[in-house]
Structure formats: C-alpha cells, structure tokens
Amino acid sequence: MRSSPCRNLVTGGAGFLGSHLVDRLMKSGEEVICLDNFFTGRRTNIAHWIGHHSFELIRHDVTEPIMLEVDKIWHLACPASPIHYQFNPVKTSKTCFLGTYNMLGLARRVGAKILLASTSEVYGDPDIHPQPEYYRGNVNPIGIRSCYDEGKRLAESLCYDYMRMNNTEIRIARIFNTYGPRMLLDDGRLISNFLVQSILGEDLTIYGDGTQTRSFCFVDDLIEALILFMNSSNSGPLNLGNPEELSIIEIAKMIKDKSKKNIRLKFLDQLEDDPKRRKPLIDLAKTELNWEPKIPFKKGLEITRDYFNEILN
Ligand code: NAD
Ligand code: UDP
C-alpha cells in the first residue's frame with residue numbers, strides 16, 4: 001500500500017512567507033490546508049492553488065479554536081510589519097497568545113509536529129551583537145513593540161511548556177528580517193517601502209539617522225530553512241536569517257544608485273524602541289540543518305525590484 005501524503009496546516013498561509021511555504025509544500029506533492037483571516041494576507045498569493053485536489057483554503061482566525069486532522073502545523077499567522085502589528089496591539093497579543101495556544105492544543109490532540117514562526121524581535125534592542133540563541137534579549141515590556149516582542153516570547157514559552165507537559169513535538173524558528181516578492185506595496189517594512197518609493201520616484205524615507213542596522217534574508221533561503229528545520233530533530237530555538245549586516249543608509253544609497261529617477265533621502269523622526277543593530281549568529285542552523293543562505297542581498301533586491309516593477313508599471 002502506498003503511504004498517504006503528509007497533511008500540512010499553514011496558518012497565515014495567504015501572507016508573504018506563508019504563501020511561499022504553501023508553494024514549496026504543494027510542489028513537493030504534499031497536502032496543504034491554508035488557514036488565514038486575511039488581515040495582511042491576500043487570496044491572490046495562493047489563488048493559483050485554488051481548485052487543486054491537494055489544497056484547501058479556510059478563512060479562520062487563529063484566536064478561535066479549530067478541529068482538523070493534520071500531521072504538521074506551520075504556525076505563521078501573525079502580522080509581521082510594525083505598522084500592522086501596532087494597528088491593533090491587543091489583537092496582536094491575542095493572536096500571539098491565543099493563536100499559539102489553540103495551535104498547540106490542536107497539535108497535542110492529533111499528535112502533529114508544530115513549527116512556530118518566532119522572531120529576532122524576541123531579542124529586542126540587543127546589547128549582544130551578533131545575537132546567539134542563548135541571548136535572553138532586551139525587550140521593553142510596555143513599549144509599542146511589546147505586543148509583538150512579548151507576544152512571541154510568550155508563544156515560545158507556551159511551546160516549551162507543551163513539550164515538557166505533553167511531549168508535543170515543537171520547532172521554534174527565530175526568523176530575522178526576510179524580504180522578497182509578495183510583500184505588500186503598503187507593507188511599511190524597509191525593503192518594500194524603499195523599492196516602491198524608488199520605482200515611483202519618491203524620496204526614500206529614513207527613520208532616524210539611518211545608522212541602525214539589519215540583516216536581510218531572501219525569502220527562498222528562509223523557506224528552505226523552515227522545511228529543513230521541521231524535518232530535523234531539533235526543537236530550537238534556532239536563528240534563521242542572513243548574517244549580511246547593512247545600515248539603513250547603506251541600503252538607501254544602494255537603491256538610490258540603481259534607480260534611474262532622481263530620488264533623494266528624506267530623514268524622518270526615529271521610531272520608538274527601534275532596535276539599533278540586528279544580525280543573527282547562525283552557527284546552530286549551519287550545523288543542525290546544514291543550511292546557510294545562498295542569495296546575496298544585491299541579487300535578492302533585484303528579484304524583488306522586478307516584482308514591484310511588474311505590479312506598479
Ligand atoms: P504577513 O503579515 O505577510 O503574514 C501574516 C499572515 O497571517 C497574513 O496572511 C495574515 O492575514 C495572517 N494572520 C494574521 N493574524 C491572523 C489571525 N489572528 N488568524 C489568522 N490569520 C492571521 O507576515 P509575514 O512576513 O509573512 O510573517 C509570517 C510570520 O513570520 C509571522 O508570524 C511573523 O511574526 C514571522 N516573522 C516574519 C519575519 C519577516 O521578516 N517576514 C521576521 C520574523 C518573523
Ligand atoms: N525603516 C526606515 N524607513 C522605512 C521603513 C523602515 O528607515 O521606510 C527602518 C526602521 O526604522 C528599522 C529598519 O528600517 O530601523 C527595519 O524596519 P522594518 O520595519 O523593515 O523591520 P523591523 O524594524 O521590524 O526590523
């Protein structure tokens with residue numbers, strides 16, 4: 001008898017990362033249930049799978065329980081851009097807590113493995129650089145980012161307690177800034193803002209003096225890491241990201257120089273609690289998953305610029 005295909009649940013599957021993950025799982029012949037409340041996700045991101053016999057789309061909010069029969073849960077549902085998670089911070093906290101609680105409950109009931117999309121934001125404004133997994137972070141528990149930072153910290157804590165109490169098989173992925181096609185035009189994150197502004201000939205908006213740094217990972221590299229991680233025997237937390245660190249001003253200059261339009265840099269007020277530096281230590285991912293990002297920033301930026309160009313022109 002042939003073994004039946006793996007049944008995957010992808011929460012947040014209509015979002016940026018979720019839809020790329022859905023593509024990867026579908027292309028490898030697995031079954032996928034995509035669950036989303038469409039807060040920041042779009043049907044167009046997964047429209048190409050609608051009608052496929054291995055694909056199902058469910059409109060549902062993870063803050064409410066749901067009963068499904070699945071083997072693997074990829075729990076990505078949560079807005080990721082600061083403007084989106086700060087839009088209704090209490091809802092973001094509920095999504096992080098109740099959403100993860102409901103998905104862990106489901107994992108326990110059906111004996112599924114669960115991967116949590118956690119974040120480098122659990123390190124807050126780090127005073128250790130680059131950030132290793134053992135670093136416990138510097139988070140402002142009452143700041144405007146705390147619904148997300150603290151929400152994800154609590155989500156990680158819940159995962160570990162489910163593992164200790166119920167032997168639930170968990171994977172905690174601490175994802176660092178990731179970019180690529182399917183980011184929303186009005187997503188508010190750096191790469192989408194800068195690329196859209198440069199295509200439209202607008203000034204590039206820099207919050208603060210632009211000396212703050214980030215390390216950006218191209219989406220294909222990140223999805224590869226998530227798949228390897230789910231199939232490994234390590235629970236994490238595991239840093240997943242590209243250690244190529246750049247200041248915001250360096251990125252702005254790179255994009256300005258590539259633009260055919262006469263664009264300028266526009267300095268705006270610094271954001272509250274904006275982390276000053278961020279770069280992952282990925283030694284653990286290298287040894288545990290035999291993974292490291294392959295796509296250099298310049299290349300990933302070109303692919304993403306082409307995507308936005310197509311939408312905007
Ligand atoms: P995104 O906003 O594009 O996708 C999030 C998806 O979750 C959207 O489709 C949204 O509609 C859905 N969603 C939000 N709240 C929900 C709820 N209550 N119930 C059901 N669905 C809900 O963001 P993304 O960049 O694709 O991020 C996906 C996950 O990865 C998030 O958990 C985020 O915290 C994590 N992450 C992303 C990054 C990054 O740079 N992209 C970095 C660190 C962590
Ligand atoms: N940023 C900026 N201009 C923008 C958008 C973002 O200068 O138009 C800065 C932001 O202040 C932060 C960095 O770029 O220091 C990354 O921001 P993003 O929202 O992409 O991710 P996060 O802050 O969550 O790492």
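Those strands (runs of 3 or more DSSP E) of the stretch 1-119 in which 3 or more residues are modelled with pLDDT of 95 or more and of a type in the set (D, E, K, R) are absent. Close contacts from the stretch 297-313, counting a first residue that is in a helix (DSSP H, G or I) and a second that is of a type in the set (F, W, Y), with Cβ to Cβ under 7 Å and a gap of 6+ residues or different chains, come to F297/F216; G300/Y179; G300/F218; T304/Y179. Which ones in the stretch 243-262 are within 13 Å of ligand 2 (Cβ to nearest atom) and either aliphatic (A, V, I, L, M) or surrounded by 21 or more Cβ atoms within 10 Å (Cβ to Cβ) (or both)? Matches in the stretch 243-262: L246, I248, I249, I251, A252, I255.
Quick one: would you say T213 is more than 12 Å from ligand 1 (Cβ to nearest atom), closer than 19 Å to Y123 by Cβ and either polar (S, T, N, Q) or at pLDDT below 95 (or both)? When the stated conditions are applied, T213 passes them.
Whether any residue in the stretch 47-61 is near ligand 1 (Cβ under 8 Å from one of its atoms), buried (at least 23 other Cβ atoms within 10 Å of the Cβ) and not acidic (D, E) is what I want to check. No, the stretch 47-61 contains no residue that is near ligand 1 (Cβ under 8 Å from one of its atoms), buried (at least 23 other Cβ atoms within 10 Å of the Cβ) and not acidic (D, E). Return yes or no: is L246 out of contact with any Cys (no Cβ under 6 Å at 6 or more places or on another chain), of a type outside the set (D, E, K, R) and free of Cβ contacts under 8 Å to residues at least 60 places away in the same chain? In short, yes. The set of residues from the stretch 216-229 being within 11 Å of ligand 1 (Cβ to nearest atom) and either more than 12 Å from the chain's Cα centre (by Cα) or part of a helix (DSSP H, G or I) (or both) comprises V219, L222, I223, L226. Cβ contacts < 9 Å: first residue within 23 Å of S19 (Cα to Cα) and assigned to a strand (DSSP E or B), restricted to the stretch 157-182; second residue of a type in the set (D, E) and away from ligand 2 (no atom under 16 Å from the Cβ), any location; separation 6+ or different chain. Result? Final answer for the pair search is I172/E156; R174/E133; R174/E156; T178/D221.
Applying the condition of being in a loop (DSSP other than H, G, I, E, B) and touching a strand residue (DSSP E or B) at 6+ places or on another chain (Cβ under 8 Å) to the stretch 183-210 and asking which residue is nearest to ligand 1 (Cβ to nearest atom) yields R189. L158: near ligand 1 (Cβ under 10 Å from one of its atoms), surrounded by fewer than 22 Cβ atoms within 10 Å (Cβ to Cβ) and within 30 Å of S233 (Cβ to Cβ), yes or no? Answer is no for this residue.
Which ones in the stretch 234-268 are over 19 Å from E224 (Cβ atoms), within 16 Å of ligand 1 (Cβ to nearest atom) and not in a strand (DSSP E or B)? The answer is I248, I251. Of the residues making up the stretch 26-58, those that are free of Cβ contacts under 8 Å to residues at least 40 places away in the same chain and under 20 Å from the mean Cα position of the chain (by Cα) number 9. Just need a number here: residues in the stretch 277-313 that are surrounded by fewer than 11 Cβ atoms within 10 Å (Cβ to Cβ) and hydroxyl-bearing (S, T, Y). Residues meeting the conditions: 1. Tell me whether the stretch 148-156 contains one or more residues that are more than 14 Å from ligand 2 (Cβ to nearest atom), in a loop (DSSP other than H, G, I, E, B) and touching a helix residue (DSSP H, G or I) at 6+ places or on another chain (Cβ under 6 Å). Within the stretch 148-156 (the criterion being more than 14 Å from ligand 2 (Cβ to nearest atom), in a loop (DSSP other than H, G, I, E, B) and touching a helix residue (DSSP H, G or I) at 6+ places or on another chain (Cβ under 6 Å)), the answer is no, since none of the residues qualifies.
The values are calculated or read from the model by the stated rules, or taken from the named source; none is laboratory data. Model, not experiment: these values are computed from the prediction. Don't worry about glycine lacking a Cβ; one is built from the backbone with ideal geometry, like all the others, and counts go over all protein chains shown.
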